[in-house]
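To start, the structure itself, in structure tokens.
The values are calculated or read from the model by the stated rules, or taken from the named source; none is laboratory data. On a predicted model such as this, the values are computed, not experimentally measured, just so you know. Glycine also receives a Cβ, built like all others from the backbone with ideal geometry; neighbour counts cover every protein chain displayed. All accessible areas refer to the heavy atoms of the entire protein, side chains included, with ligands and DNA or RNA removed. Shrake-Rupley method; radii C 1.70, N 1.55, O 1.52, S 1.80 Å.
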Amino acid sequence: MAERAALEELVRLQGERVRALKQQKASAEQIEEEVAKLLKLKAQLGPDEGKQKFVLKTPKDSKGTRDYSPRQMAVREKVFDVIVSCFKRHGAEVIDTPVFELKETLTGKYGEDSKLIYDLKDQGGELLSLRYDLTVPFARYLAMNKLTNIKRYHIAKVYRRDNPAMTRGRYREFYQCDFDIAGQFDPMIPDAECLKIMCEILSSLQIGDFLVKVNDRRILDGMFAICGVPDSKFRTICSSVDKLDKVSWEEVKNEMVGEKGLAPEVADRIGDYVQQHGGVSLVEQLLQDPELSQNKQALEGLGDLKLLFEYLTLFGIADKISFDLSLARGLDYYTGVIYEAVLLQTPVRAGEETLGVGSVAAGGRYDGLVGMFDPKGRKVPCVGLSIGVERIFSIVEQRLEALEEKVRTTETQVLVASAQKKLLEERLKLVSELWDAGIKAELLYRKNPKLLNQLQYCEEAGIPLVAIIGEQELKDGVIKLRSVASREEVDVRREDLVEEIKRRTSRPLCMC
């Protein structure tokens with residue numbers, strides 16, 4: 001250890017000698033000679049096995065996680081604002097739950113997707129897992145607190161060991177924005193409101209034309225029954241059907257027959273149904289189907305869908321909805337109506353690539369989930385939706401990049417500046433007055449900044465106004481208020497400054 005310490009000291013001294021020669025602008029030959037000595041000493045020193053090189057990166061699963069820059073967060077916050085304001089407009093309360101749950105709470109709720117749950121290392125106590133979604137924790141919350149009636153929203157991160165596709169907005173750590181209505185109500189009224197909320201949010205975000213696919217798990221189960229699918233294979237065949245939006249019917253059929261052991265003729269009968277889609281006319285057609293109409297579950301589902309379309313027409317969104325028999329939603333807990341919003345192919349702007357982001361919102365009815373957690377098995381009917389905010393964010397982010405649009409990363413309304421030297425105290429007094437009055441204000445952290453530098457900072461940061469203090473303004477009891485965009489300047493009495501800034505900056509900002 002002593003020898004190594006002595007060598008390290010020699011390396012340090014030789015390094016200082018090289019730096020000194022460079023500062024003195026010594027000859028290249030002399031510097032080269034001393035650098036060679038330094039390298040020789042470092043070679044003698046060798047690697048320090050006690051010190052491992054630390055690589056700065058996001059975690060091991062970094063291909064499914066990311067950092068967000070101020071610009072990205074500014075866009076993200078505006079997206080969240082649109083979503084939250086819609087949830088509140090519909091009367092929702094907000095809750096939060098822990099980021100991890102008991103492993104047994106999550107087990108058996110997600111069908112084939114259960115393998116995507118992140119389990120935490122056993123700490124010598126209870127076995128825990130990171131939450132996979134916000135719906136199961138919500139059901140556990142209802143059961144624990146014996147709640148039978150609530151309309152709530154919840155925005156938080158969830159975790160999945162999925163194969164990430166970051167350009168498509170699919171991550172291993174991501175936000176979900178959920179809205180749910182729990183309680184015993186008349187059929188299809190809460191379900192219709194959830195679809196209305198979904199349409200309101202997607203329209204407000206202006207990310208392109210969309211279509212909401214609707215189906216019912218009871219129709220699917222009835223269809224499987226009349227086609228000859230064994231009861232034990234309902235869920236696994238449902239999972240195969242759910243892939244029809246990504247792969248062809250032939251591929252899905254091969255999976256059903258080759259991997260899941262379904263008879264080919266049964267798969268063909270399923271294919272006749274799941275390739276149909278339409279509106280209320282398809283519901284009425286299936287109500288007349290000689291086989292499907294004889295199945296009690298399917299008949300209930302079709303009756304509810306017919307009623308749902310009546311309410312959607314009254315809400316003015318029926319043209320955005322398609323009854324699609326291929327929609328399956330692979331999660332085990334759905335019991336009734338299910339839905340999923342997808343973006344339609346829209347004309348691409350110059351420089352903008354088409355993003356295949358898949359669904360941007362989804363949800364459905366899950367009447368049995370709360371009962372799984374209740375000691376007495378008491379059921380609380382629930383219906384809800386989840387907005388795929390990460391996928392939406394990918395679309396908005398790419399669009400802004402294609403348009404090369406500047407995004408403000410702060411909300412500063414005014415910069416307090418000075419036109420002469422020795423006015424730091426006056427700037428500090430004025431910025432404090434503005435802060436106390438609720439104005440978002442900044443100043444440069446220099447005693448005597450140049451006015452040009454202060455104005456350039458405003459242009460770079462997108463700050464709309466500059467409050468300029470000068471010796472003459474102090475004598476006259478005014479502040480010179482400058483518009484950064486137009487460069488127009490007006491003198492405003494100091495006591496009127498707050499109101500004038502508010503008046504000039506009260507216009508709402510657009511999202512993108």
Measuring from label point to label point, each 7 Å out along Cα→Cβ, what is the residue 74 to residue 471 span in nm? 3.7
Kindly flag which residue pairs out of 296/320; 157/406; 22/42 have an alpha-carbon separation exceeding 24 Å in this structure. 296/320; 157/406
Lysine pairs in region 414-505 8 or more apart or on different chains: how many have alpha carbons under 25 angstrom apart? 26
Using only C-alpha positions, report the orientation-averaged shadow area of the convex hull of region 194-352, nm², one decimal. 10.5
Ellipticity estimate at 222 nm from DSSP helix runs (n ≥ 4, -39,500 (n - 2.57)) divided over the chain, nearest 500: -13000 deg cm²/dmol
Roughly how tilted is helix 135-144, in degrees to the nearest 10 and between 0 and 90, from the longest Cα axis of the chain? 80
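Would you mind giving the three semi-axes, in whole Å and largest first, of the ellipsoid equivalent to the chain according to its Cα gyration tensor?
56, 36, 22
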Computed over the chain: longest principal axis from alpha-carbon atoms vs helix 264-274 long axis, angle to nearest 10 degrees, is 70
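At R0 = 56 Å, how high is the FRET efficiency between residue 20 and residue 488 if r is their beta carbon distance? Nearest 0.05 is fine.
Values: r = 55 Å, r/R0 = 0.98.
My answer for the efficiency is 0.55.
Please compute the net charge surrounding residue 146, taking Lys and Arg as +1 and Asp and Glu as -1 over other residues with Cβ under 15 Å from its Cβ.
Details: positive: 140, 376, 378, 379; negative: 374.
With Lys, Arg at +1 and Asp, Glu at -1, the neighbours total +3.
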SASA check, residue 115, accessible area w/ 1.4 Å probe, all protein chains in place, rounded to nearest 10 Å², comes out at 150
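Based on the Cα coordinates of region 1-45, what is the per residue volume of their convex hull in Å³?
Taking the convex hull of the Cα positions in region 1-45, it is 42 Å³ per residue.
Find the accessible area per residue for the chain; the probe is 1.4 Å, ligands and nucleic acids are left out, and the unit is Å². Spell out each step's value before the answer.
On the way: 27490 Å² over 512 residues.
Ligands and nucleic acids excluded, the result is 54 Å² per residue.
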Taking Cα atoms of region 291-447, Rg/Rh with Kirkwood Rh, to two decimals? 1.25
What do you get for Rg/Rh of region 414-505 when both radii come from the Cα atoms and Rh is the Kirkwood radius? 0.91
In region 414-505 the accessible area split gives carbon plus sulfur, as whole percent at 1.4 Å, a share of 47
What is the angle, in °, between the Cα long axis of helix 70-89 and the longest principal axis of the Cα atoms in the chain? Nearest 10 is fine, range 0 to 90. 40
Fully extended contour minus Cα-Cα distance, from residue 115 to residue 409, at 0.36 nm per residue: 102.0 nm
Specify whether the C-alpha gyration tensor of region 183-277 places it in the rounded, prolate or oblate class, a ≥ b ≥ c being the square roots of the eigenvalues: rounded for a/c under 1.5, otherwise prolate if a/b is larger than b/c and oblate if not. oblate
Once residue 126 and residue 444 are pulled to full extension, the length gained, defined as 0.36 nm per residue separation minus their Cα-Cα distance, is 109.3 nm
